[in-house]
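Undergrad: This is the structure, below, for whatever I ask next.
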Amino acid sequence: MDIDEQHIGEPGLVVLDVTATDEETVAAVMEGLQQLWATSGVTPVWRVPGEAGVRARVYADTRRPPGA
């Protein structure tokens, strides 16, 4: 997946790719990140053929608290 420049165009904006053994773990991580920062929320999970685990991507603004 490509990262769109607008998602990291300013200090404090981040793109996080999360890899875990199962969807529940990825969802728990993304929910935890939502408690810290304004995020894109829980995103679809995907698998890469031939590689272990599941993946998801979350966009976060570390300058803003959740709900801001």
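The values are calculated or read from the model by the stated rules, or taken from the named source; none is laboratory data. Because the structure is predicted, anything quoted here is derived from the model rather than measured. Please note: Cβ atoms are built from the backbone with ideal geometry, for glycine as well, and neighbour counts cover all protein chains shown.
Undergrad: What are the residues in the stretch 8-22 that are over 13 Å from the mean Cα position of the chain (by Cα), among the acidic types (Asp, Glu) and under 21 Å from Val54 (Cβ atoms), if any?
TA: Across the stretch 8-22, the qualifying residue is only Asp22.
Undergrad: Within the stretch 30-52, can you find the residues that are exposed (fewer than 15 other Cβ atoms within 10 Å of the Cβ) and either farther than 18 Å from Val14 by Cβ or polar (S, T, N, Q) (or both)?
TA: First, pick out the residues of the stretch 30-52 that are exposed (fewer than 15 other Cβ atoms within 10 Å of the Cβ): 31-32, 35-36, 41, 44, 46-52.
Across the stretch 30-52, the qualifying residues are Gln35, Pro44, Trp46, Arg47, Val48, Pro49, Gly50, Glu51, Ala52.
Undergrad: Return yes when Gly32 is of a type outside the set (Val, Ile, Thr), out of contact with any Lys or Arg (no Cβ under 9 Å at 6 or more places or on another chain) and at pLDDT 90 or above and no when it is not. Spell out the reasoning first.
TA: On the way: of a type outside the set (Val, Ile, Thr): yes; out of contact with any Lys or Arg (no Cβ under 9 Å at 6 or more places or on another chain): yes; at pLDDT 90 or above: yes.
Against the criterion (of a type outside the set (Val, Ile, Thr), out of contact with any Lys or Arg (no Cβ under 9 Å at 6 or more places or on another chain) and at pLDDT 90 or above), Gly32 qualifies.
Undergrad: What pairs come out if I take residues in the stretch 19-36 that are touching a residue at least 24 places away in the same chain (Cβ under 8 Å) and aromatic (Phe, Trp, Tyr) and pair them with residues that are surrounded by 11 or more Cβ atoms within 10 Å (Cβ to Cβ) and part of a strand (DSSP E or B) whose C-beta lies under 8 Å away, six or more apart or interchain?
TA: none
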